[in-house]
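The values are calculated or read from the model by the stated rules, or taken from the named source; none is laboratory data. Computed from a predicted structure; not experimentally measured. Don't worry about glycine lacking a Cβ; one is built from the backbone with ideal geometry, like all the others, and counts go over all protein chains shown. Side chains included, ligands, DNA and RNA excluded: accessible areas come from the protein's heavy atoms. Shrake-Rupley method; radii C 1.70, N 1.55, O 1.52, S 1.80 Å.
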Amino acid sequence: IEVNDDSDYMGAIANAGDSLVVAEFYATWTAPSVAISEELSKLREDFPEVVHIRCNLANCVPVFNKYSVNIIPCVKVFRNGEELGEIKGAKAREIRDLVEANLL
């Protein structure tokens, strides 16, 4: 789910219910963001039950500020609106480990 503003983001989190949510904070102009996006595509294939939200810095500055995202890419994992963890940087293995640790 690509979100375009704070309202979209909060709606996507709320609509996910008790599903695990992977929120990807990225910018199209950074090579690490492009690299991790490809890895997250594989993660979506492996875990279709996980809701994936993409938040582009160009459209979602308030969301970046609200969640104190100061390094991109950054991936945060949520369930029921509660943040369960985050990985800053293009660290595919750590992101996968965080998702697997929080699956029900």
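Scanning for something without any contact (Cβ under 8 Å) to a residue 40 or more places away in the chain and at negative phi, does the range 18-26 turn up at least one residue? No, the conditions are met nowhere in the range 18-26. For the range 58-79, the candidate set comprises residues that are touching a helix residue (DSSP H, G or I) at 6+ places or on another chain (Cβ under 7 Å) and modelled with pLDDT of 90 or more; within that set, the residue that is nearest to E100 (Cα to Cα) is V77.
Residue-level check: of (1) hydrophobic (A, V, I, L, M, F, W, C); (2) over 18 Å from Y9 (Cα atoms); (3) assigned to a helix (DSSP H, G or I), V63 misses just (2). The conditions of being in contact (Cβ under 8 Å) with a residue 60 or more places away in the chain, surrounded by fewer than 19 Cβ atoms within 10 Å (Cβ to Cβ) and on the phi > 0 side of the Ramachandran plot are not met by G89. Consider A27 carefully, then state whether it is among the aliphatic types (A, V, I, L, M) and closer than 23 Å to L103 by Cβ. For A27, the condition - among the aliphatic types (A, V, I, L, M) and closer than 23 Å to L103 by Cβ - is not met. In the range 50-77, the residues that are open to solvent by 10 Å² or more (accessible area, probe 1.4 Å) form Cβ pairs under 6 Å with partners that are part of a strand (DSSP E or B) and among the β-branched types (V, I, T), at six or more places apart or across chains, as follows: V50/V22; V51/V21; H52/V22. The single condition from (1) within 12 Å of the chain's Cα centre (by Cα); (2) aliphatic (A, V, I, L, M); (3) under 21 Å from N4 (Cβ atoms) that V77 fails is (3).
Only one of the numbered conditions (1) hydrophobic (A, V, I, L, M, F, W, C); (2) open to solvent by 70 Å² or more (accessible area, probe 1.4 Å); (3) under 11 Å from the mean Cα position of the chain (by Cα) is not met by V21, and that is (2).
The residues listed here are R44, R54; of these, the one that is assigned to a strand (DSSP E or B) and touching a strand residue (DSSP E or B) at 6+ places or on another chain (Cβ under 6 Å) is R54.
When the range 7-33 is examined, which residues are found to be out of contact with any helix residue (DSSP H, G or I) (no Cβ under 7 Å at 6 or more places or on another chain) and closer than 17 Å to E94 by Cα? Matches in the range 7-33: A23, P32, S33.
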